[in-house]
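The values are calculated or read from the model by the stated rules, or taken from the named source; none is laboratory data. Fair warning: this is a prediction, and the values are worked out from it, not measured in the lab. Glycine also receives a Cβ, built like all others from the backbone with ideal geometry; neighbour counts cover every protein chain displayed. Surface accessibility is based on the protein's heavy atoms, side chains included, excluding ligands, DNA and RNA. Shrake-Rupley method; radii C 1.70, N 1.55, O 1.52, S 1.80 Å.
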Amino acid sequence: MSERIENIPAIALRGMTVLPGMIVHFDISRKKSIKAVEQSMMRDQKILLISQRDPEVENPGEKDLYRIGTVAVIRQVVKMPRNIFRILAEGLDRAELAGLGECKEYLEAETELLPRDDLEQYTPNVQEAMLRGLKDIFLVYGEENDKINKEVVQQVLETTKLNKLMEQIAINIPMYFEEKQRLLEAENFQARYDALCMFLTNEIEILRIRKDIQIKVKERVDKNQREYILREQLKLIREELGEDTTLSDIDQFQEKVRRLKASAEVKEKIAKEIERFKNVGNHSSESAVIRGYIETLLDMPWEKTSNDRHDIKAARKILEEDHYGLWKVKERILEFLAVRALTAKGESPIICLVGPPGTGKTSIARSIARALDKKYVRISLGGVRDEAEIRGHRRTYVGAMPGRIAAGMKTAGVKNPLMLLDEIDKVSGDYKGDTASALLEVLDSEQNVHFQDHYIEIPMDLSEVLFIATANDAQTIPRPLLDRMEIIEITSYTENEKFHIAKEHLVKKQMERNGLDESEIQITDNALRKVISGYTKEAGVRNLERKLDEIFRKAAKEILEDKKKFVKVTEARLPHYLGKEKYSVKRLNDSDEIGIVRGLAWTSVGGETLQIEVNVMDGKGEFVLTGQLGDVMKESARTGISYIRSVRTQYNIESEFFEKHDIHIHIPEGAVPKDGPSAGITMATAMLSAITGIPVRADAAMTGEITLRGRVLPIGGLKEKMLAAKNAGIRTVIVPQKNKPDVEEISGEIKKGMEIVYAETMEDVLLHALVKKEKAEER
């Protein structure tokens, strides 16, 4: 039967459990624990030692303590420095905590002593079997655990009582206090025996696993140590041979590989090349080739990206700051930015800017890179005719190197730069391969995820690159390549656009370049307009910038030589800086004339008006064309005369007229080659006027292709042609009906003051071009 004890002092132990039979030292510093010891020493020296559930609790209550503890007798109390007491106690019996008293100064526990182990329930044979079984397990444990004293193991094994053996084992083996508490709380002897055997068995298994791990680690350490010794010996040998730099290079390469942001495939490839480099002698010719290859692979931006700008307003502001006009390009870039902001990753567009020289195609690409906060790489493709320039050379060749695309990525240092493919229409091919065909893979968003450079040999991801190509003429770009790009046409600038570009950008740029500021020089608006119209003739603004540079250079010279403090450049003073006016606009004729018609033409530097002249003379029906006309233009003239012959009855032309008269068509400026179908209706109108004697309106100009049946077909370059008509003072422009959508896109600034006539047939053209009969009779 259990015995009840009232008001026994108690100590709450932190991180330890005392078992019956244990003699243990422990330190106490809490006031309640010290007071409990004092109370115990004044009584019978008995005290309840009970463990805290959480060692961090400073002032434990009943719920913070385990239910089962050990009643111990205090054998010794030693006072230590800093108010610490060292207690020597011996565990006697297991006891259950029934409750805590109301004493505030120390823990006062109501305890109930639990019955001691009763071995009489087991027969002697069972006890002997349990004793031997436990000894066998403990013996194995002692063999596996190197930290336990072998003499202690022998002493424990000499114990003949089962309960004493269990006590000695629990006392002498290292156990966490939770494991000891589990033994203490076991319901009966059998449960305690099973728990101890289970603990020892688990520990044996853990010790064996630990030994296996230690053996493997030791083997690895021994191997590493062996390799280290061999490597040091090899290093010494290399130093003796003068090859000591190779190993330091290898170490640097390996360190760079560890830091490299790349896939496992790339790192594995580089590691193999480093191993090859290690095995090749420093003086071998192959060593330099492998070294260059490794350095190239390490410099490539495999997984390294830059953080792009996502603020559309900020991007728009930068684009507007850098360039005037170019609305289509700016809107397309802002659309891309908006899509990427909504989808987290928009597909990078592949854009081709097509337009005349000097219209800002290359500079807008640089501005786009700044607006998107991307790295900018320019690759000039003009005159490139070797496929290896794009795909790289195979490493088997002497002097092999990566292609321009891979080299551009290396220069950018990130995998998502803006890459400008400049002058893509100027690439060509020869016996070494077709450059345009090599670009097909680069500019195909479905294929460029795994672009393979012959030198690099590892697939590169170009899907995040924003490609922008530039070209002067889309007609010379191969069709498959053109199909892969989104074409944005950049047309010629109007005089007003050139004025704004010069005033807002070019003047400031050239002033800064020539070391001037606004306090030293001023160029008037009229002077700017005169420079544009009288000294330059181009689609873009390149020559305009050169002329401004010339003005500011000479002004800078005046300021230094003549000690001028301020120079004002006016329209009247332009000849002083630029000489005589070089260009004059071909104004419309003063009067309506027979056989002279004003046509509209497109050139690489913008639009122009052409005056087509036709003379009819007595002869044998010859048809003469002069003015260095191309084949297409000659065919258009013959088509026109065939049309006129088919409608001769409507204009009272005799049937023998064409056999008895020669017709001569001439287009002035004979040194300039001319071609294209767009002068068809112009030549037909001039011929009909010359044949019938009906004058053509001097204030009318026209453009359009003619068919045999007199239909008017659409043409291109309409904006430039309309601009030329505007500058020449033309009041009526006749264009094909099917070009109406193109006319609607042209700014109102150009169309202002001009009547646009849409023609479907030659009857529509002649109705508006020829002078009415009454007016002709008056003449």
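Quick check on my filter: what residues within the range 711-757 are in contact with a Pro (Cβ under 7 Å, 6 or more places away or on another chain) and surrounded by fewer than 23 Cβ atoms within 10 Å (Cβ to Cβ)?
Across the range 711-757, the qualifying residues are L713, P714, K738, N739.
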Q: Would you check which residues across the range 640-676 are surrounded by fewer than 16 Cβ atoms within 10 Å (Cβ to Cβ) and touching a residue at least 60 places away in the same chain (Cβ under 8 Å) and list them?
A: S642, S646, V647
Q) When T435 is evaluated against the numbered criteria (1) polar (S, T, N, Q); (2) open to solvent by less than 10 Å² (accessible area, probe 1.4 Å); (3) without any contact (Cβ under 8 Å) to a residue 40 or more places away in the chain, which criterion, by number, is the only one it fails? A) (3)
Q | Residue, least open to solvent (accessible area, probe 1.4 Å), within the range 309-356, restricted to residues that are under 17 Å from the mean Cα position of the chain (by Cα) and among the hydroxyl-bearing types (S, T, Y) | A | S348
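Which of the residues that make up the range 295-305 are open to solvent by less than 30 Å² (accessible area, probe 1.4 Å) and of a type outside the set (F, W, Y)? Explain how you work it out, then say what you get.
Looking only at the range 295-305, we keep the residues that are open to solvent by less than 30 Å² (accessible area, probe 1.4 Å), and these are 296-298, 300-302.
Selection gives T296, L297, L298, M300, P301.
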Q.
Among (1) in contact with a Leu (Cβ under 9 Å, 6 or more places away or on another chain); (2) modelled with pLDDT of 90 or more, there is one condition R546 misses while meeting the rest; what is its number?
A. (1)
Q: Please name all residue pairs, on different chains or six or more residues apart, with Cβ atoms under 8 Å, provided the first residue is in the range 743-758 and is more than 17 Å from I490 (Cα to Cα) and in contact (Cβ under 8 Å) with a residue 60 or more places away in the chain and the second residue is assigned to a helix (DSSP H, G or I) and open to solvent by less than 50 Å² (accessible area, probe 1.4 Å).
A: E749/N496
Q: Search the range 39-56 for residues that are polar (S, T, N, Q) and pair each with any residue that is part of a helix (DSSP H, G or I) when their beta-carbon atoms are under 8 Å apart and the residues are at least 6 apart or on different chains.
A: S51/F177; S51/Q181; Q52/D64
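What residue, of V398, V427, V384, is at pLDDT below 85, open to solvent by less than 10 Å² (accessible area, probe 1.4 Å) and more than 18 Å from the chain's Cα centre (by Cα)? Please lay out each step first, then the result.
Values: V398 fails: open to solvent by less than 10 Å² (accessible area, probe 1.4 Å); V427 fails: open to solvent by less than 10 Å² (accessible area, probe 1.4 Å).
Unique residue meeting the criteria: V384.
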Q.
So, in the range 64-77, exactly how many residues are under 13 Å from L13 (Cβ atoms) and assigned to a strand (DSSP E or B)?
A. 5
Q) Which residue pairs have Cβ atoms under 7 Å apart, sit 6 or more places apart or on different chains, and have a first residue in the range 91-106 that is touching a residue at least 24 places away in the same chain (Cβ under 8 Å) and a second that is part of a loop (DSSP other than H, G, I, E, B) and of a type in the set (G, A, S)? A) G91/G21
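Of all residues being small (G, A, S) and touching a residue at least 40 places away in the same chain (Cβ under 8 Å) in the range 253-273, which is most open to solvent (accessible area, probe 1.4 Å)? Just the residue, please. Steps first, answer last, please.
Filtering the range 253-273 for residues small (G, A, S) gives 262-264, 271.
Next, only the ones that are touching a residue at least 40 places away in the same chain (Cβ under 8 Å) stay: 262-263.
Values: A262: 24, S263: 48 Å².
Only one residue fits best here, namely S263.
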Q.
Of everything in the range 102-124, what is in a loop (DSSP other than H, G, I, E, B) and open to solvent by less than 30 Å² (accessible area, probe 1.4 Å)? Give them in sequence order.
A. Y106
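Return the only residue of A637, A679 being in contact (Cβ under 8 Å) with a residue 60 or more places away in the chain, open to solvent by less than 40 Å² (accessible area, probe 1.4 Å) and touching a strand residue (DSSP E or B) at 6+ places or on another chain (Cβ under 8 Å). Walk me through it before giving the result.
Details: A637 fails: in contact (Cβ under 8 Å) with a residue 60 or more places away in the chain.
The unique qualifying residue is A679.
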Q: Considering each of L600, L588, L610 in turn, give the residue that is in contact with a strand residue (DSSP E or B) (Cβ under 8 Å, 6 or more places away or on another chain), farther than 30 Å from E518 by Cα, open to solvent by less than 20 Å² (accessible area, probe 1.4 Å) and of a type outside the set (V, I, T).
A: L600
Q) Among the numbered criteria (1) outside any loop (DSSP other than H, G, I, E, B); (2) surrounded by 15 or more Cβ atoms within 10 Å (Cβ to Cβ); (3) of a type in the set (A, V, I, L, M), which single criterion is violated by V18? A) (1)
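Could you name every one of the helices (runs of 4 or more DSSP H) located completely within the range 629-737 that has at least 3 residues being closer than 23 Å to D592 by Cβ? Even if it seems obvious, please write down each step before you answer.
Working: elements: 631-646, 657-660, 680-692, 718-728.
So the answer is 631-646, 680-692, 718-728.
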**Q.** Sole exception among (1) over 20 Å from E331 (Cα atoms); (2) of a type in the set (V, I, T); (3) in a loop (DSSP other than H, G, I, E, B) for V507, by number
**A.** (3)
(Q) Go through (1) over 17 Å from L184 (Cβ atoms); (2) assigned to a strand (DSSP E or B) for R94 and report which single condition fails. (A) (1)
**Q.** Hits in the range 478-512 (condition: modelled with pLDDT under 85, in contact with an Asp or Glu (Cβ under 7 Å, 6 or more places away or on another chain) and open to solvent by less than 20 Å² (accessible area, probe 1.4 Å))
**A.** S492, T494
Q: Would you point out which residue out of R542, R553 is among the basic types (K, R) and in contact (Cβ under 8 Å) with a residue 60 or more places away in the chain?
A: R542
Q: Can you tell me which residue within the range 513-550, out of those that are farther than 27 Å from E608 by Cα and not charged (D, E, K, R), is surrounded by the most Cβ atoms within 10 Å (Cβ to Cβ)?
A: I523
Q.
Please verify whether E441 is more than 20 Å from L297 (Cβ to Cβ), open to solvent by 20 Å² or more (accessible area, probe 1.4 Å), in contact with a Phe, Trp or Tyr (Cβ under 9 Å, 6 or more places away or on another chain) and among the charged types (D, E, K, R), treating the condition exactly as stated.
A. yes
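Does K410 satisfy being charged (D, E, K, R), at pLDDT 85 or above and open to solvent by 30 Å² or more (accessible area, probe 1.4 Å)? Give the derivation first.
Details: charged (D, E, K, R): yes; at pLDDT 85 or above: yes; open to solvent by 30 Å² or more (accessible area, probe 1.4 Å): yes.
Yes.
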**Q.** G69 at pLDDT 85 or above, over 20 Å from M198 (Cα atoms) and small (G, A, S)
**A.** yes
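Suppose we filter the range 724-749 for residues that are aliphatic (A, V, I, L, M) and under 41 Å from the mean Cα position of the chain (by Cα); how many remain? Steps first, answer last, please.
Here is the first cut: in the range 724-749, the residues aliphatic (A, V, I, L, M) are 724-725, 728, 730, 733-735, 743, 746.
Next, only the ones that are under 41 Å from the mean Cα position of the chain (by Cα) stay: 743, 746.
Adding up the residues that qualify gives 2.
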Q: Starting from residues that are open to solvent by 90 Å² or more (accessible area, probe 1.4 Å) and not in a helix (DSSP H, G or I), keep the ones in the range 24-63 and report whichever is nearest to L100 (Cα to Cα).
A: N59
Q) Taking the range 191-203 on its own, how many of its residues are surrounded by 17 or more Cβ atoms within 10 Å (Cβ to Cβ) and within 57 Å of the chain's Cα centre (by Cα)? A) 1
Q.
Contact list please: Cβ distance under 6 Å, first residue in the range 274-289 and in a loop (DSSP other than H, G, I, E, B), second residue modelled with pLDDT under 80 and surrounded by fewer than 15 Cβ atoms within 10 Å (Cβ to Cβ), pairs at least six apart or on different chains.
A. V280/E286
